[in-house]
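In what follows, a structure is listed as structure tokens, so that the remarks can point back to it.
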Amino acid sequence: LMAIQLSTVVRNARLDAIETAIGTAAVVRIYDLTAGAPADCSASITATTLVSYTLASDWASAASSGSKAFSSTPISGTASGTGTADFYRVFASDGTTCHMQGTVATSGADMTVDNASITSGQTVNITSWSITDGNA
């Protein structure tokens, strides 16, 4: 049996559909690692919110070559909590409907920040974030 393979055009369309489904002015929150990431986006959160961002209306670039990234990085925010960044969630503009979660670190994670050791009041910059569609 052959694995399913999709064209780059289809992969890009799937990625662009993510931004469309989440909508404008999405909210991103970074959480601390004490409780660990929930099993999935629908699971409740017990972790501390370290920093929250409201993204621009068009918050991600158009997908290209099967990959999609945040527009206008770095994205800066002021920390409201203290801890070590572990995971993030992307919410609709209501701040409660979670659509995506992933890992956060200074390198080698789904989202890259300038400093994973966060103190309340500190400026925290998202320096990069991207997702790549499989099935190439």
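The values are calculated or read from the model by the stated rules, or taken from the named source; none is laboratory data. Here the structure is a predicted model, which is why all the values come from computation and not from measurement. Note that each Cβ is placed from the backbone with ideal geometry, even for glycine, and that neighbours are counted across all protein chains shown. Please note that ligands, DNA and RNA were not included when accessible areas were found on the heavy atoms of the full protein model with its side chains. Shrake-Rupley method; radii C 1.70, N 1.55, O 1.52, S 1.80 Å.
Among the candidates D110, D86, D133, single out the residue that is free of Cβ contacts under 8 Å to residues at least 24 places away in the same chain, surrounded by 15 or more Cβ atoms within 10 Å (Cβ to Cβ) and of a type in the set (D, E).
D110
Within the range 57-70, how many residues turn out to be assigned to a loop (DSSP other than H, G, I, E, B) and surrounded by 15 or more Cβ atoms within 10 Å (Cβ to Cβ)? I'd like the intermediate steps shown before the answer.
We begin by selecting, within the range 57-70, every residue assigned to a loop (DSSP other than H, G, I, E, B); these are 57-59, 61-63, 65-66.
So of that shortlist, the ones also surrounded by 15 or more Cβ atoms within 10 Å (Cβ to Cβ) come out as 59, 61, 63, 66.
Selection size over the range 57-70: 4.
Of S117, S80, which residue is without any contact (Cβ under 8 Å) to a residue 40 or more places away in the chain and among the polar types (S, T, N, Q)? Give the steps one after another, and end with the answer.
Details: S80 fails: without any contact (Cβ under 8 Å) to a residue 40 or more places away in the chain.
Result: S117 is the single residue among S117, S80 that is without any contact (Cβ under 8 Å) to a residue 40 or more places away in the chain and among the polar types (S, T, N, Q).
With open to solvent by 70 Å² or more (accessible area, probe 1.4 Å) and closer than 17 Å to T24 by Cβ as the only criterion, which of T119, T123, T96 stands out?
Details: T119 fails: closer than 17 Å to T24 by Cβ; T123 fails: closer than 17 Å to T24 by Cβ.
When all the criteria are applied, what remains is T96.
Answer yes or no as to whether S76 is exposed (fewer than 14 other Cβ atoms within 10 Å of the Cβ), assigned to a strand (DSSP E or B), of a type in the set (S, T, N, Q) and at pLDDT 95 or above.
On the way: exposed (fewer than 14 other Cβ atoms within 10 Å of the Cβ): yes; assigned to a strand (DSSP E or B): yes; of a type in the set (S, T, N, Q): yes; at pLDDT 95 or above: yes.
Against the criterion (exposed (fewer than 14 other Cβ atoms within 10 Å of the Cβ), assigned to a strand (DSSP E or B), of a type in the set (S, T, N, Q) and at pLDDT 95 or above), S76 qualifies.
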